[in-house]
Structures are given as C-alpha cells and as structure tokens.
1. Does the stretch 40-263 come out rounded, prolate or oblate by the C-alpha gyration tensor, with a ≥ b ≥ c the root eigenvalues, rounded set by a/c under 1.5 and, if not, prolate when a/b is larger than b/c and oblate if not?
2. Zone of I154 (label point 7 Å along Cα→Cβ, backbone N under 17 Å): which residues in the stretch 45-68?
3. Mind ordering 134-143, 74-83 by average Cβ neighbours within 10 Å, highest first?
4. Take the residue pairs K51/K148; K70/K148; K65/K273; K117/K189 and return only those whose Cα atoms are more than 26 Å apart.
5. Which distance in Å, rounded to a whole number, links the C-alpha centroids of the stretch 144-174 and the stretch 74-139?
6. Using a simple spin-label model with points 7 Å from Cα along the Cα→Cβ vector, what separation in nm is obtained for N43 and Q81?
7. Separation between the E33 and T64 pseudo-spin-labels, each 7 Å from Cα along Cα→Cβ, expressed in nm?
8. Rounded to the nearest 0.05, what FRET efficiency is calculated for L125 and E20 with R0 set to 51 Å and r the Cβ-Cβ distance?
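Quick note: the coordinates plus some simple rules give every number you see, no bench work behind them. Bear in mind the structure is a predicted one, so any value in this text is a computation, not a measurement. Neighbour counts run over all protein chains shown; Cβ positions are idealised from the backbone, glycine included.
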Amino acid sequence: MTLFRRKSLSLTKEKMLNQEISPLQCIHEWSLESNDISFEKLNLQWLFPYKPDAFAVILDNVFTKEECDKLIELTEQVSYQEALVGYGQVRVSQTRNNWRCIIDDPIVSNIIFSRIKDYIPTKWLGKHVSNLNERLRFLKYNPGEYFKPHNDGIYIRDDQSQLSYVTIHLYLNDVIEGDGGETTFTTEKLSYGRPVKKSQVFNKRLSVQPKVGRILIFEHHLSHEGSTLTKGVKYTMRTDVMYDNPDGKPIIRAPRWGVPFPKPQYKLPEIFKSKC
Ligand SMILES: O=C(O)CCC(=O)C(=O)O
C-alpha cells in the first residue's frame, strides 16, 4: 500500500483567522486518523440476488462538520460547473442535472484513504489495493436536481498500472429525511432519464441518507442513483479505490450489470469478519 506523507506547513491560528491560509492548505494539515468511526455493512442480497456478496458499507463520523464545511468552502471558491456524462463528457440533463467541481489532489485523497483503509477490501479480483483516486468529484444538488440510475465506470490509469473497482462517497452536509437527495441502490433498469417500461416500475430500492462526515463505500457494479433533492442543498464528493495492476497486463473490464461472477470478487476486510 502506498502512503503519502503530509507536507509540514507551519500554520498559526491567527493566520487562519486572517484568511492568509487557503482552505486547501488548511485541509492538507488534517489528521490521517479518525477515531470515532462506526460502521454498518449493508445487506443487498434481496436487491441484487444474483450478487450475494455485493459489497456496500456505511461509515459514520469519518470527518467532522467543521472539516466538511472547509471542503465545501474550497469547492465554492473553485466553483461548480454543470455535471457532464459519459466518455464524451456532454451535458445530458435527463441523466443528471446537478453540479460538479473536480479537484485533483493526492494529499486530500490520501487523508481520506488513511482514515478508511481498514474498511476497504484489500484485494479485488486478485489485485491489491493501493490508494484512492486523486480525482475528487464534488457534487452539488439544488431542489429538483438528480443523477438517474447508473453503474459507476472503472477508472483506468493511462499506463494501465492501476484500475478502480470500488466507489467512495463522502457526504459533506446533512439532508433532512423526506427532502430526497439520498444515494439509492435500485433495481430500476439503467433508464438514464428515458421512460421506464411498465415491467420495470416496481423496482426495489434501498436509500442511504446523506449525513455530514458519512462515507458510503460500494462496488462500482451496483446500480444506484442520486435521488431527486426536493428541498435545501446537498454536497457530496465521489472518488474511487484504486487497485494495482502490477505488470501492466491488459485490463479486463468486469462483467456488465446483472452478470453473476463465478466466485467472490474481493477479500473482506478483517474488521467485518467478527461482526458479520
Ligand atoms: O449523489 C449521489 O448520491 C450519487 C452520485 C452518483 O451516483 C455518482 O456520482 O456516481
């Protein structure tokens, strides 16, 4: 596993109060540890019976409200743009009509990784975990905004040295229950905004409530949506868990949605073994 060392910056409280320290410099000073984490492994077998070992976990108290506010401040300074979709990166508002701010920062991704690494599968399809993708996609939703059902794509490094199998969502604020905005696992077919067929209307759903400092970890190939927010604002950050592809062997993409795997894909972290 690669662990980055934080740069040591000499910060003083006065400097921070006087706004001489940028939000990013301040964030780079954060601790690599979080002592208060509580966790719940989700049982998604009833939703995805063809995938009995589906991996999804909720971690609470990974970041404090103050830390999440600082991340929001950073992103608002950088500014949000219309979120795009697909390899061509175009705006398709039937698919998603929310806002996005992309920040590439290995120091921040390493802080997140250091705090949650005990809860991440150490191996996936035989490949060893390395770190988190430094490409941090911050998302902002206003009332009426959504991201329709989809599976997350694998992120492959240009030199094929690493690829991702697992998604990380860090929620930066609380959304009140009933105001929408959950991340919802769903059996709804990948409609991407197109009208769903009658037979697909009665889909099964399991919603995860956005809560400040909460992290949701799940394998890419689980269909999910950012449900429509009806009130307030929602901020979340998405990135990926990267796994090493040591010999740069050509990467075989995981089977498509709905196709069962012949054997478990991942090594469950030790921390879950006694509890589940
Ligand atoms: O905003 C959410 O809750 C989900 C976003 C999402 O599905 C994604 O970024 O891939």
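1. Working: a/c = 1.39, a/b = 1.06, b/c = 1.31.
Because its axes are fairly even, with a/c under 1.5, the stretch 40-263 counts as rounded.
2. The answer is 55, whose backbone nitrogens lie closer than 17 Å to the label point.
3. Numbers: 134-143: 19.2, 74-83: 15.2.
Going from most to least packed, we get 134-143, 74-83.
4. Working: K51/K148 22 Å; K70/K148 28 Å; K65/K273 30 Å; K117/K189 32 Å.
Long pairs (Cα-Cα over 26 Å): K70/K148; K65/K273; K117/K189.
5. 6
6. 4.5
7. Those two pseudo-labels are separated by 1.6 nm.
8. Values: r = 47 Å, r/R0 = 0.92.
Efficiency, from the Cβ-Cβ distance: 0.60.
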